[in-house]
1. Filter region 144-159 for residues that are in contact (Cβ under 8 Å) with a residue 24 or more places away in the chain and outside any strand (DSSP E or B); which is surrounded by the fewest Cβ atoms within 10 Å (Cβ to Cβ)?
2. Kindly indicate whether L129 is in a helix (DSSP H, G or I) and within 26 Å of the chain's Cα centre (by Cα).
3. Which one is farthest from P136 (Cα to Cα) among residues in region 194-246 that are open to solvent by 10 Å² or more (accessible area, probe 1.4 Å), of a type in the set (S, T, N, Q) and over 13 Å from the mean Cα position of the chain (by Cα)?
4. Being aliphatic (A, V, I, L, M), within 25 Å of the chain's Cα centre (by Cα) and open to solvent by 20 Å² or more (accessible area, probe 1.4 Å): is that true of V251 here?
5. Can you pull out every residue in region 318-359 that is surrounded by fewer than 16 Cβ atoms within 10 Å (Cβ to Cβ) and farther than 16 Å from N281 by Cα?
6. With the checklist (1) within 25 Å of F240 (Cβ to Cβ); (2) modelled with pLDDT under 90 in hand, flag the one item F114 doesn't pass.
7. Do we find that D24 is farther than 25 Å from R236 by Cβ, in contact with a strand residue (DSSP E or B) (Cβ under 9 Å, 6 or more places away or on another chain), surrounded by 13 or more Cβ atoms within 10 Å (Cβ to Cβ) and without any contact (Cβ under 8 Å) to a residue 24 or more places away in the chain in this structure?
Amino acid sequence: MRKIVVVDNPKDWGPKIEDVEVVDAQTYLTDTTYTDIKNARIFNLCRSYKYQSAGYYVSLLAEARGHKSIPSVTTMQDLKSPTIVRAITVEINDLVQKSLASLRSKSFTLSIYFGQNVAAKYEKLCKQLHDLFQAPLLKAQFVYKDEWVLQSISPIPVNEIPEHHWRYVIKFAKAYFARHRFSGARITRKTYDLAILVDPNEKEPPSDKKAIQNFVEAAEAQGFYVELITKDDYRRLAEFDALFIRETTSVNHHTYKFARKAYADGLVVIDDPVSILRCTNKVYLAELLTKAKVSVPKTLIIHKDNREQVEEELGLPCVLKKPDSSFSQGVVKAKDRDALKKELDKMLADSELIIGQEFTPTDFDWRIGILDKQPLYACRYYMAKGHWQIYNWNGKKQDTEGDADTVPFEEVPFHVLHTALKAANLIGDGLYGVDLKEIDGKAYVIEVNDNPSIDSGCEDKILKKDLYAAIIKSIKRRIDNHKNIRTDE
């Protein structure tokens, strides 16, 4: 993706930075050469972002051309409104108080150059403000009224940067622009930007570190700049073309917030927010699969008015599931009436509806990985030692998870593959893992996962690195299709 700095006058921006073009606003607005560029990120350093100014139109036309503009027109509007500024910055109030605690004055101006300040002690505050209001050059005005309050935040005209700050500005700019590309990409220019959302502290992530590295290598080989991001990078999503979530998803969680924002911003997203909503709620899945006549174990949507029918409908023991359960957590087996009453009391106190299913023990569950409505891999996940589930979170550390093996598709019974595809295709065309039990020659869907496990040495055992390449290729195709649609419009 081309990086273009737009200024009112080329003399405003002196330093030359590798892989960064500098062009004046008039040329960018009127020269058809820039109209026809498909992949560009525009860094708008015009002196003014006022409505209908040249700076305003640079970002407006950039967005119309399908270019990624920093700042966006939305950010420009946010900067104008003290109400919006205060609302957006509420979440960093503690950081503001901590960062400015040593000041003795009643007012303070913080200059933010490409997310940094000349004083290292304000580094974290500058980064947070820059992430909230993505503009290259910002000036934050604080006043003290019982506590420090952000009174306003506004762009710094590039021609008003103090002379003695320029050496810092150049240093910060070089680091900033380098962040947007794979270092060393001098010969092969990276066309796409991919963010992979991970949680370094997650105990059982959907992909281990080796698998994440395999995704990174596969993406770089296909022309991507790749960056691993965390929940702290929410405001940076506009920098990327696609978001790939490799963290356990949930609706009441930042993963859904990331997916929703990325989708709204026009990024390609796996897992997309609709898939997260559909897959993470067992009540929705039960209704969807039953209506589509997909085979599932005998299932009952339980509420306070039919709880007395559970034993009669499902028998004992039976399985109870919280609507948003995942990785066997929030799933219990009620062995007898006392256990059933206890678990129903507990679960129905948290949710109006829960899922009950007939207990169908098997030695293993099938997992069929599906991408773009086609099978990608097939695994058998065996039950944890001495347990009825794949995961036993209360067992000994070495017995937490059962064994697994990956098998070629020719070894997967047709009815298992067919049922898995039918279930996944009801959700969408993303990346899914369908769990099934095979009983007496028939396949029963247990659940559809929007965020399936892909670990090195397990799901990739047959396809190896081609598995990672296939997923990245799908993301790349989606980006290209999205850009073509926007161009046609």
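1. Looking at residues that are in contact (Cβ under 8 Å) with a residue 24 or more places away in the chain and outside any strand (DSSP E or B), I get N159.
2. Values: in a helix (DSSP H, G or I): yes; within 26 Å of the chain's Cα centre (by Cα): yes.
The answer is yes for L129.
3. The selected residue is N214.
4. On the way: aliphatic (A, V, I, L, M): yes; within 25 Å of the chain's Cα centre (by Cα): yes; open to solvent by 20 Å² or more (accessible area, probe 1.4 Å): yes.
It is true that V251 is aliphatic (A, V, I, L, M), within 25 Å of the chain's Cα centre (by Cα) and open to solvent by 20 Å² or more (accessible area, probe 1.4 Å).
5. Matches in region 318-359: K335, D336, R337, D338, K341, K342, D345, K346, A349.
6. (2) is the only condition that F114 fails.
7. Numbers: farther than 25 Å from R236 by Cβ: yes; in contact with a strand residue (DSSP E or B) (Cβ under 9 Å, 6 or more places away or on another chain): yes; surrounded by 13 or more Cβ atoms within 10 Å (Cβ to Cβ): yes; without any contact (Cβ under 8 Å) to a residue 24 or more places away in the chain: yes.
It is true that D24 is farther than 25 Å from R236 by Cβ, in contact with a strand residue (DSSP E or B) (Cβ under 9 Å, 6 or more places away or on another chain), surrounded by 13 or more Cβ atoms within 10 Å (Cβ to Cβ) and without any contact (Cβ under 8 Å) to a residue 24 or more places away in the chain.
Let's see how each residue does on (1) open to solvent by less than 30 Å² (accessible area, probe 1.4 Å); (2) farther than 30 Å from L267 by Cα; (3) at pLDDT 90 or above:
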position	(1), (2), (3)
A384	yes, yes, no
W388	no, yes, no
N394	no, yes, no
V416	yes, yes, yes
I427	yes, no, yes
I439	no, yes, yes
K473	no, no, yes
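The values are calculated or read from the model by the stated rules, or taken from the named source; none is laboratory data. These numbers were taken from a predicted model, which means no experiment stands behind them. Heads up, the Cβs are rebuilt from the backbone with ideal geometry, glycines too, and the neighbour counts pull from every protein chain shown. These area figures cover heavy atoms from the full protein model, side chains too; ligands, DNA and RNA do not enter into them. Shrake-Rupley method; radii C 1.70, N 1.55, O 1.52, S 1.80 Å.
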